[in-house]
Amino acid sequence: MPSLFASYLRVYEPLTAFDRDRQVFWRRYATEGRALGPVEGPVKQRTAVLEALGAGWTRLPDLPDEAYVLEWEESLLVCPWNLRLRVAEAALSARSGVPSVLADAFVPPVLAGQAKAVVEDWRNGAKVLERGVPRVHEQIATWGVPLRWFVFVDLEEREIALGGRRRVLRYRTEISKARRRAHRGVSVLRKALGEAPITEAVEEGARWLEEFHPRSIVELDYGGLVNLLPDEMLAEDDSPGLVAAGLSALSRGDAEAATEAYEKLVARWRGVQLLERCN
């Protein structure tokens, strides 16, 4: 489920990526001002999922279609939330690691079966919802930013605002640039490290990016993590630069420089990850 101390990797697609009915719906949704921004959105997502999971547990509830909306170079783009899938994943997660007696009492087998079907159909590319297309537009990571995400963005694409009540640190880039970086990263990693876990992770991200419209926008958002980090650390954060430096070092065979960049990156985020144990 969404966490306030989470980071997000999102893809905003232009309306032309959707069928005609969805285009009309999302245009009206944006015009009526119903969309929340990435600051308020995670709270509403979390509330919607928690409320849905407490609604009797007899079936997967119907949830309203929601999305983040972005205006980019005079174009309207949307990032759907896919709440039905989120609820299905949360239902299965609630049963994980729990004795069967308790699991069945908390999440009845009939609901678990529905949830499993929704998740499996979505992963297999089938149409789960009556409307729309089966693409997961948002990935969520708690208590940190997956290092592989930094492959997709450039340090120059950073947007940062630390004054006032709303603290924001995010990167936005055209999906064509994110794809080129991802494929280059996979090529460098495979040549230097072979089929290592990091290679497979970046390759999986590259495949995910290929699912979307070529005029989409990719956003890496630090989300609630900005509330865990001091202004100085956020202002000086150059994680995408360290990843780029590490890949560049690997491409020229400089293992020492690559290791140094990687160790700096890991050390920078270890403190945030350790905060989870204090929560």
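Residues in region 160-199 average 58 Å² of solvent-accessible surface per residue, probe 1.4 Å, ligands and nucleic acids excluded. Packing, taken as the mean count of other beta carbons within 10 Å per residue, orders the peptides 139-145, 164-170, 151-157 from highest to lowest as 151-157, 139-145, 164-170.
Modelled spin labels at Ser96 and Lys191, positioned 7 Å past Cα toward Cβ, are 3.6 nm from each other. Taken about its Cα centre, the chain carries a charge dipole of about 440 debye when Lys and Arg each add +1 at the Cβ and Asp and Glu each add -1 at the Cβ. Solvent-accessible area assigned to carbon and sulfur over region 144-278 amounts to 49 percent, based on a 1.4 Å probe. With a point put 7 Å past each Cα toward its Cβ, work out how far Asp231 is from Ser248 in nm, to one decimal. Placing both labels 7 Å beyond Cα along the Cβ direction yields 3.0 nm. Along the axis of the charge dipole computed for region 144-278 (Cβ charges of +1 for Lys and Arg, -1 for Asp and Glu, origin at the Cα centre), the listed residues Leu229, Leu274, Gly163 are led at the positive end by Gly163. Which whole-number percent of Cα pairs in region 6-129 have a distance greater than 22 Å? Roughly 43 percent, rounded to a whole number. Averaged over residues, the count of other Cβ atoms within 10 Å places the peptides 223-234, 33-44 in the sequence 223-234, 33-44, highest first.
Taking the Cα centre of region 6-129 as reference, the dipole from Cβ charges on Lys and Arg (+1) and Asp and Glu (-1) amounts to some 300 debye. The sum of -39500 (n - 2.57) across all DSSP H runs of n ≥ 4, divided by the residue count of the chain, sets its helix-only mean residue ellipticity at 222 nm to -15500 deg cm²/dmol.
When a/c is below 1.5 the answer is rounded, else prolate if a/b is larger than b/c, else oblate, so apply that to region 182-273 with a ≥ b ≥ c taken from the square roots of the Cα gyration tensor eigenvalues. Oblate, because a/c is 1.5 or more while a/b does not exceed b/c. A convex hull fitted around the alpha carbon atoms of the chain yields 153 Å³ per residue.
The values are calculated or read from the model by the stated rules, or taken from the named source; none is laboratory data. Since this is a predicted model, take the numbers as computed values, not measurements. Note that we place each Cβ from the backbone using ideal geometry, even for glycine, and neighbour counts take in every protein chain shown. What goes into the accessible areas is simple: the full protein's heavy atoms, side chains included, and nothing from ligands, DNA or RNA. Shrake-Rupley method; radii C 1.70, N 1.55, O 1.52, S 1.80 Å.
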